[in-house]
Amino acid sequence: MRRLFVILTFLPLLAVGQRAKTVTATGTAVGTDVRTVKKEALHNAKVNALREAGVAEAVQSFTTTYVGQGGSAATQSASAELGMLMLDGQVRLKGEPKYEVTAPNQDNLMRATVTIRAEVMEEERGDPEFRIRVSGLQPTYRDGEQVRFSVTAYRDCYIRIFWFDQASSAQVEGQMIYPLAKRYRDRLWKADVEYRYPKLPAEYVMGNPLKVEAYKQTDQRLESTMLFVVALKKQIPYEREVCNYEQFIDWLLDIPADQRTVYWQPIGIVE
């Protein structure tokens, strides 16, 4: 049985040989863990660097809210840059970030502020006719609930499906759940055909399909997860020895923008 682990924020894609603009930007974040707060502040500074460089229209935020039986609500936001893939590749730091972290207050909350000097690369243009549709994903799942969804491509392509976990306590950092050795064959997905994952047509499956479940691994009331569906014009394998966020970025950036298209969705997991 495969479980869909916790994933946090995921971001935009870089191009090769593009024009660049150098900007200064700041970002802030509040929380109880200094490592996490500094990481979130740096992410927010990179998003603001995009705005400073004039690509603010590519930035959106997604918020998932779960209302419990007693009427109380838990909210988790996931921000990402649409029209790109990996913020860490789009925004190149020039020098070390400069952090200021306040001491924890009476609620054990601290604020981190970071200033960066960064080179923002102009995004490489993709193929506007290369698109996929993903449907059937819920905004929120209960712990242990099965995850199913459908993928429709508008041209013949090869599909890779990933999840990642950026929680510092995660035992597994990420995984490619399609194709998967001894489970799925890496076959061409036909245009205009709706494929239902994880129960794919027999010619794509070896043995039984995966049973993909939402999995809550912290004591947070609501955990944010992220799922990536990558469509490729060519049968490019994910050949890295490990499957984590950093390696996924490197692999993805090696593929020209007009040879790939990506769908992602944040998902909340509750008890």
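The values are calculated or read from the model by the stated rules, or taken from the named source; none is laboratory data. Small disclaimer: the values here were computed from a predicted structure and weren't measured. Here the Cβ is made from the backbone with ideal geometry for all residues, glycine too, and neighbour counts use every protein chain on show. The protein model used for the area step is the full one, side chains on, heavy atoms only, and it has no ligands, DNA or RNA in it. Shrake-Rupley method; radii C 1.70, N 1.55, O 1.52, S 1.80 Å.
Whenever a residue of region 44-59 is at negative phi and modelled with pLDDT under 85, its partners that are open to solvent by 40 Å² or more (accessible area, probe 1.4 Å) and of a type in the set (Val, Ile, Thr), lying with C-beta atoms within less than 9 angstrom and at least six residues away or across chains, give the pairs ALA53/THR22.
In region 216-252, the residue that is surrounded by the fewest Cβ atoms within 10 Å (Cβ to Cβ) out of those that are part of a loop (DSSP other than H, G, I, E, B) and hydrophobic (A, V, I, L, M, F, W, C) is VAL242.
Among the residues that make up region 110-119, is at least one of them open to solvent by less than 40 Å² (accessible area, probe 1.4 Å), hydroxyl-bearing (Ser, Thr, Tyr) and either closer than 30 Å to VAL270 by Cβ or at pLDDT 85 or above (or both)?
Looking only at region 110-119, we keep the residues that are open to solvent by less than 40 Å² (accessible area, probe 1.4 Å), and these are 110, 112, 114, 116, 118.
From the residues that got through so far, the ones that are hydroxyl-bearing (Ser, Thr, Tyr) too are none.
There is no residue in region 110-119 that is open to solvent by less than 40 Å² (accessible area, probe 1.4 Å), hydroxyl-bearing (Ser, Thr, Tyr) and either closer than 30 Å to VAL270 by Cβ or at pLDDT 85 or above (or both).
Restricted to strands (runs of 3 or more DSSP E) entirely inside region 97-150, those with at least 3 residues that are over 27 Å from LEU42 (Cβ atoms) and either among the hydrophobic types (A, V, I, L, M, F, W, C) or out of contact with any helix residue (DSSP H, G or I) (no Cβ under 6 Å at 6 or more places or on another chain) (or both) are 132-135, 140-142.
If you check GLU145 against the conditions, is it open to solvent by 40 Å² or more (accessible area, probe 1.4 Å), under 26 Å from GLN90 (Cβ atoms) and among the acidic types (Asp, Glu)? In short, no. Residue-level check: of (1) within 20 Å of the chain's Cα centre (by Cα); (2) within 21 Å of ILE267 (Cβ to Cβ), TYR195 misses just (1).
Pick from region 33-51 the residues that are part of a helix (DSSP H, G or I) and among the charged types (D, E, K, R): which of them is most open to solvent (accessible area, probe 1.4 Å)? Reasoning before the result, please.
Keep residues of region 33-51 that are part of a helix (DSSP H, G or I), which gives 34-51.
Keeping just the survivors that are among the charged types (D, E, K, R) gives 35, 38-40, 46, 51.
Numbers: ARG35: 171, LYS38: 69, LYS39: 111, GLU40: 82, LYS46: 22, ARG51: 111 Å².
Step by step, filter region 33-51, then rank; the result is ARG35.
When residues in region 180-198 are screened for being at pLDDT 95 or above and either on the phi > 0 side of the Ramachandran plot or part of a loop (DSSP other than H, G, I, E, B) (or both), 9 of them pass. A Cβ distance below 7 Å, combined with a sequence gap of six or more or placement on separate chains, defines the contacts here; from region 242-271, residues that are farther than 19 Å from TYR154 by Cβ and free of Cβ contacts under 8 Å to residues at least 40 places away in the same chain reach residues that are surrounded by fewer than 20 Cβ atoms within 10 Å (Cβ to Cβ) and not aromatic (Phe, Trp, Tyr) in the pairs GLN247/ARG240; TRP251/ARG240.
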